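Okay, so here's the structure we're looking at.
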Amino acid sequence: MPFLWLVLILLAIAAVGYALGRARALASSGGDIVQLHSLPVYYGSNAALKSLVPALAVLAVWLVAQPIYVTNVVSGMIPQAQIAEGVSDSLALSEVRRIADGLDLAVANGALTEGEARDGNADVGALTQTLQDAGAVVTNEITAQALAAAQRFRALSAGGAWAMTAVVIAIAVIGAFVGIRQTHKDFRARNVVEQGIRALLIAASLIAILTTLGIVLSLVFNTIEFFRLYPALDFFFGTEWAPSFTGRGGASSLGVLPLLWGTIYISVVALVVAVPIGLFSAIYLSEYASPAVRSFAKPLLEVLAGIPTIVYGLFALLTVGPLLVSVFGEGGLLGVNWQGGGRAVITAGIVMGIMLIPFVSSLSDDIINAVPQALRDGSYGLGATQSETVKQVILPAALPGIVGAILLAASRAIGETMIVVLGAGAAARLSLSPFEAMTTVTAKIVSQLTGDSDFASPEALVAFALGMTLFILTLGLNILALHIVRKYREQYE
Amino acid sequence: MNDMRFVETRVTTNEAKFTAKDVQVYYGDNHAIKDVSIDIEDKTVTAFIGPSGCGKSTFLRCLNRMNDTIDICRVEGDILLDGEDIYDKKVDPVQLRARVGMVFQKPNPFPKSIYDNVAYGPRIHGMARTRADLDEIVEKSLRRAALWDEAKDRLNAPGTGLSGGQQQRLCIARAVATEPEVLLMDEPCSALDPIATSQVEELIADLRTRFSVVIVTHSMQQAARVSQKTAFFHLGDLVEYGDTGHIFTNPEDPRTESYITGRIG
């Protein structure tokens, strides 16, 4: 039975439960709502929740558990001898899964009857031909063991699906029944619904937290795997980044320092651009601009935040890069010939800085606005001008918050990829000159994982180690930023 | 007691510091102050009393042009400080506010040290040449605000760490430090406990010897205790203005009488 139908049936059961619960509540008080402990809606919701929540919970657990169980059973059927031939365990299993899918397809096309598909003694060669004719993607030789495993896989999956449907519907019906039976004018349905809502909210936050945890764990395990293949010391202190893809784990140098240097350099340039411009525009908007200007300029500034980073990348590649070359390059305005090509740290840094301006200005604007008006009045009342007030009272009061905003902007700069790829190039290099091409951790993660990569090689796994490095870096900055922002909040509440 | 103060006032005050003529204030379409004319005397404590929303704070803020910071506010009429129109184009509101200091309803120390709070005005206006000058100004101001003994050992502690009453006295010290000619106080005791209130009131009595003080208050007892002149505002009108003793014992307008006896407000 398709999954969608099952969910629809569950919803229908819940709806019936809702209607019956509501009606029963009204009946128990003789139609007088005031006599009920809760509004009729709550009695209906109680019944609906009682039927839906346990059923959906069982459904979710079943959906996760069944494939694990089936895989376990089936993988036991594949002889170890076959796996030892160099085919990994998961490859053999996916072959089994493909055969099972092929059988499903063939049955659906009418190329095979259900009985033939289940026949354990079928001729393997003929069956392979039939499956391929039916359009299934299978290898040329299906082994007898693989076929048997595939047939068992099909049987288990199909049986499991039916059992799941039956169990889940039964639970829903029982739940609805319990909910309806409970309904009485003194039953505290409101409180039950309140708890249900609370559980829903907890579930939502749990999912968010668990997902984060899952991401971190996948990073951690792959990073550990990488360090098993590649020495950690070479990774952290290596000054050369030269992965080789031809030699399959041959003479790659995977030193993170050139990438970290590029990341930090470009981020610093970006912040040097973004912080003064963003901060000054925030001060203008919150302290000097009239409401009319503010209502016009603030959304306009925030448009910058809505531009996709790839567009910024194009801007860097096609506009800013050539412009900088015409100033700092050969035969340029300054006649210094510092910059060889458009792709350089300074190009990516400036464009990334422009991207971060609304980030800094919007956050700083909020923080400056949060400084109590009383402080401004106090300063003006002493005969201070606006800029004196800003410099001596407002900025010191808002400084911790502004530092927090800058750190958040910094962690965005560190995580930025597209602008770097297009603006700074792909050459990993340790250099002090901002006019040379460099690259960052994120850009290299992309290049290590795009294309045909073997996830068992250090060249691909290094992406996870890079990701982990980046994650720890930005996490540290974010924690620092949050800590500072929190400290600031305590001051005025 | 009030009558005695009344006599004392007559002896020490003479000329008008502020002269307001037909002042109108509008907040957008709202006519907040109507035709107010008043002479505020030098070296006198003048109290503005009246029910909430009657315009007394608004009028107070006109005297040092603090209303300039509110966009929709419009002031008409003449307000003269020592015979000079403070709304004249030649007058710099920033300079004016250095001459006419202000203390606000809620204590609003800057998030700086106690020393820097008091030194704020003198630094801005270049009143101290050397560090020693500044130290002297800070000490003098804190003494005048009766805060020196409590604060002298913690001048580098943040001003926000003081108690409410101490914070308000710090704000008074801060205002006094710029040597203003007039000190405006907008309900300076409304956030304070009775002990802090009486300290601030004693302070006001001291301050009067040096400059004129205008105080907005909701407490009629406070007005009677600290002021020599009282102005009663009602719905944007200046209903009655005169010697404090006279207003509280023998009000001429029935509205004043109703307010001070607690019937309207």
Taking placed amide H atoms and a strict 5 Å upper bound, the residues 5 or more places from B:S113 or on another chain that come that close are B:G159
Karplus-derived 3J(HN,Hα) from phi for the range A:320-335 (6.51 cos²θ - 1.76 cosθ + 1.60, θ = phi - 60°), whole Hz, x at Gly and Pro, runs 5, x, x, 4, 5, 4, 6, 9, 9, x, 5, x, x, 4, 8, x
Relative contact order as a percentage, chain B, C-alpha pairs under 8 Å and 6+ apart, gives 28
Taking the alpha-carbon centre of each part, the distance from the range A:214-246 to the range A:374-432 in Å is 34
Rounded to the nearest 10 Å², the accessible area of A:I354 using a 1.4 Å probe with every protein chain kept is 40
Rounded to whole angstrom, the alpha-carbon centroid of the range B:101-154 lies from that of the range B:198-265 at a distance of 29
Checked against a 29 Å limit on the C-alpha separation, the offending pairs among A:K391/B:K90; B:K43/B:K106; A:K391/A:K487 are none
With every protein chain kept in place and a 1.4 Å probe, chain A has an accessible area per residue in Å² of 51
Partner aspartates and glutamates whose C-alpha sits under 16 Å from that of B:K140, ignoring same-chain residues fewer than 8 away, are B:D116, B:D149, B:E150, B:D153, B:E179, B:D206
Helix A:395-415 sits off the longest principal axis of the Cα atoms of chain A, rounded to the nearest 10 on a 0 to 90 degree scale, by 60
Here the whole-number average of other chain Cβ atoms within 10 Å per Cβ of A:382-394 is 5
Rounded to the nearest 10 degrees, the helix B:114-124 long axis (Cα) sits at an angle to the longest Cα principal axis of chain B of 70
Looking only at lysines whose Cα falls under 23 Å of A:K185's and that sit 8 or more positions away or on another chain, we get A:K50
The range A:241-492: relative contact order from alpha carbon pairs under 8 Å, six or more residues apart, as a whole percent, is 27
Sequence order, the range B:20-34: Karplus ³J(HN,Hα) from phi using 6.51 cos²θ - 1.76 cosθ + 1.60, θ = phi - 60°, Hz rounded, Gly and Pro as x, gives 10, 10, 6, 7, 10, 10, 10, 9, x, 8, 7, 8, 8, 10, 10
The answer for B:V45, listing residues at least 5 apart or on another chain whose modeled amide H is closer than 5 Å to its amide H, is B:V213, B:Q228, B:K229
Here the whole-number average of other chain Cβ atoms within 10 Å per Cβ of A:370-381 is 6
For the range A:3-187, inverting the pair-averaged 1/r of distinct alpha-carbon atoms gives a Kirkwood value in Å of 19.5
Partner shielding of B:101-109, taken as the mean number of other chain Cβ atoms within 10 Å, equals 4
In whole percent, the fraction of accessible protein surface over the protein assembly as shown that belongs to carbon or sulfur atoms, probe radius 1.4 Å, stands at 61
Ordered by number, the GluC sites (Glu not before Pro) in the range B:120-199 that occupy a DSSP loop and have at most 11 other Cβ atoms within 10 Å are none
If one compares the long axis through the Cα atoms of helix A:40-77 with the longest principal axis of the Cα atoms of chain A, the angle in degrees, nearest 10, works out at 80
Once the in-chain neighbours fewer than 8 apart are removed, the aspartates and glutamates whose Cα is under 18 Å from A:K298 read A:E287, A:D365, A:D366
The orientation-averaged projected area of the Cα convex hull of the range A:320-471, in nm², is 12.6
Along the range B:128-142, Karplus-curve 3J(HN,Hα) (6.51, -1.76, 1.60; θ = phi - 60°) to the nearest Hz, with x for Gly and Pro, reads 10, 7, 10, 4, 5, 4, 5, 4, 5, 4, 4, 5, 4, 5, 5
For chain A the mean separation of alpha carbon contacts under 8 Å (6+ apart) over residue count, i.e. relative contact order in percent, is 15
Amide H neighbours of A:Q339 at under 5 Å, excluding residues fewer than 5 places away on the same chain, with H built from the backbone geometry, are A:G329, A:E330
hull vol. (C-alpha, convex hull) per residue for the range B:2-260, Å³ -> 128
In Å³ per residue, the alpha-carbon convex hull of chain A encloses 254
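The values are calculated or read from the model by the stated rules, or taken from the named source; none is laboratory data. Just so it is clear, the structure is predicted and the values come from calculations on it, not from any experiment. Neighbour counts run over all protein chains shown; Cβ positions are idealised from the backbone, glycine included. All accessible areas refer to the heavy atoms of the entire protein, side chains included, with ligands and DNA or RNA removed. Shrake-Rupley method; radii C 1.70, N 1.55, O 1.52, S 1.80 Å.
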